[in-house]
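Below you'll find the structure, written out as structure tokens, and then a few comments.
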Amino acid sequence: MLLTEIFPMLALELEQLLKKQGEVELAAQVPQLKVVDRCRCGDNFCSSFYTQPKPEGSYGPGHRCLDLDAVEGMLVLDVVAGTIAHVEVLNRYEIRQKLIAEFP
């Protein structure tokens, strides 16, 4: 499922925040991002999801974290070799509810 279909407002927010930080190439990826699974850590404040298959262990070389200046909660991207691989979303309950419904 595309991020824009499940969470259109979050997709718009990500795109705007990335552009604001000068990450134009990452912002251009947002319309095509697929949500492939949710984080299954069990924390009730976690609404994180994967846009690439979850790695075995760490992401390894070519990985960087990008902390975005979200208005609400926390947004941190895991970027691997220039591709958004994981979106960490914390303290956004409305996103968590829908994510769990889509990925039980």
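Please check: in the Gaussian network model of the chain (C-alpha springs, under 10 Å), which one of 57, 22, 82 has the largest mean-square fluctuation.
The residue with the greatest mean-square fluctuation here is 57.
Over segment 25-104, what is the relative contact order in percent, taking alpha-carbon pairs closer than 8 angstrom and at least six residues apart?
31 percent
Report the full-extension gain for the segment residue 56 to residue 24: residue separation times 0.36 nm, less the Cα-Cα distance, to one decimal in nm.
The residue 56-residue 24 span can extend by a further 8.6 nm.
Just order 91-97, 38-44 by mean Cβ neighbour count inside 10 Å, highest at the front, would you?
Top of the packing list down: 91-97, 38-44.
Hey, which lysines would be in cross-link range of residue 34, C-alpha to C-alpha under 20 Å, not counting anything within fewer than 8 residues on its own chain?
19, 54, 98
Per 0.36 nm of contour for each residue apart, how much would the distance between residue 40 and residue 80 grow if the chain were fully extended, relative to their Cα-Cα spacing?
Gain on extension, residue 40 to residue 80, equals 12.4 nm.
Please compute the length gained on full extension between residue 1 and residue 97, using 0.36 nm multiplied by the number of residues separating them and subtracting their Cα-Cα distance.
The span from residue 1 to residue 97 would gain 32.9 nm if fully extended.
Every number in this text was worked out from the coordinates using simple rules, so none of it is lab data. Quick caveat, the model's predicted, so the values are computed rather than measured. As a convention, Cβ positions derive from the backbone with ideal geometry for all residues, glycine included, and neighbour counts pool all protein chains shown.
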